[in-house]
Amino acid sequence: MRVITFGTFDVFHIGHVNILERAKEMGNYLIVGVSSDALNISKKGRPPIYSQEDRLKIVESLHCVDEVFIEESLDLKGQYINTYEADILVMGDDWKGKFDQFSSICSVKYFPRTEGISTTEVISQVKDLA
Ligand code: C2G
């Protein structure tokens, strides 16, 4: 089974590893769409800390990840699912319900987020230490 997931994966942390490992357990081939810098600015109103090239390289280096690409737009999700012939779409439950429309082309699963960590919290903790 081919699994696809999406994310920014900025300031890579244990919550990211956990969802990617859980996604891989759903099948045998994991494809990850890494949000472009421009998409991150439009979603979060700020540029990511790490560039899209670096974030792509970090995610690609994980042994649970088989293939990566840059996610240019949230609106292309259906197209990405078809292009990469994904059987299952996995997302964290902060996106719960948001991608249910794709259940006509693949199975859609939401996993609980890892508690107590987020890129925003890490950035703010580092700022406090500086
Ligand atoms: N995540 C998690 N636990 C955390 C933090 C993140 O399980 N503590 C999951 C999110 O739910 C998401 C993935 O890790 O499934 C990537 O998180 P982000 O980098 O924050 O991705 P996001 O900016 O939400 O982009 O098309 C969808 C977007 O590209 C998702």
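The values are calculated or read from the model by the stated rules, or taken from the named source; none is laboratory data. Because the structure is predicted, anything quoted here is derived from the model rather than measured. Cβ placement follows ideal geometry from the backbone for every residue including glycine, while neighbour counts extend to all protein chains displayed. The accessibility values were calculated without ligands, DNA or RNA, using every heavy atom of the protein model including side chains. Shrake-Rupley method; radii C 1.70, N 1.55, O 1.52, S 1.80 Å.
Numbers below:
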item: Yes/no for GLY116 being within 9 Å of the ligand (Cβ to nearest atom), within 14 Å of PHE6 (Cβ to Cβ) and among the small types (Gly, Ala, Ser); result: no
item: Segment 71-93, residues that are open to solvent by 40 Å² or more (accessible area, probe 1.4 Å) and either farther than 15 Å from ALA23 by Cβ or in contact with a Pro (Cβ under 7 Å, 6 or more places away or on another chain) (or both); result: GLU72, LEU74, ASP75, LEU76, GLN79, ASN82, THR83, GLU85, ASP93
item: Residue within segment 64-76 that is more than 14 Å from the ligand (Cβ to nearest atom), closer than 19 Å to ILE31 by Cβ and under 13 Å from the mean Cα position of the chain (by Cα) present; result: yes
item: Residue match in segment 24-31 (condition: open to solvent by 20 Å² or more (accessible area, probe 1.4 Å), closer than 20 Å to THR119 by Cβ and over 11 Å from the mean Cα position of the chain (by Cα)); result: no
item: ILE19 more than 9 Å from the ligand (Cβ to nearest atom) and of a type in the set (A, V, I, L, M); result: no
item: Residues (in a helix (DSSP H, G or I) and open to solvent by 100 Å² or more (accessible area, probe 1.4 Å)) located in segment 112-128; result: GLN125, LYS127, ASP128
item: Residues that are open to solvent by less than 70 Å² (accessible area, probe 1.4 Å) and without any contact (Cβ under 8 Å) to a residue 40 or more places away in the chain, drawn from segment 44-55; result: GLY45, SER51, GLN52
item: Residue within segment 56-66 that is more than 15 Å from HIS16 (Cα to Cα), surrounded by 15 or more Cβ atoms within 10 Å (Cβ to Cβ) and of a type outside the set (A, V, I, L, M) present; result: yes
item: Any hit, segment 94-103, residues being within 9 Å of the ligand (Cβ to nearest atom), hydrophobic (A, V, I, L, M, F, W, C) and assigned to a loop (DSSP other than H, G, I, E, B); result: yes
item: Residues (hydrophobic (A, V, I, L, M, F, W, C) and either near the ligand (Cβ under 7 Å from one of its atoms) or within 12 Å of the chain's Cα centre (by Cα) (or both)) located in segment 4-16; result: ILE4, PHE6, PHE9, PHE12
item: Any chance SER104 is among the polar types (S, T, N, Q) and either free of Cβ contacts under 8 Å to residues at least 12 places away in the same chain or exposed (fewer than 12 other Cβ atoms within 10 Å of the Cβ) (or both); result: yes
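Let's see how each residue does on (1) free of Cβ contacts under 8 Å to residues at least 24 places away in the same chain; (2) within 15 Å of THR5 (Cα to Cα):
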| site | (1), (2) |
| --- | --- |
| LEU39 | no, no |
| SER42 | yes, no |
| SER61 | yes, no |
| ASN82 | yes, yes |
| VAL122 | no, no |
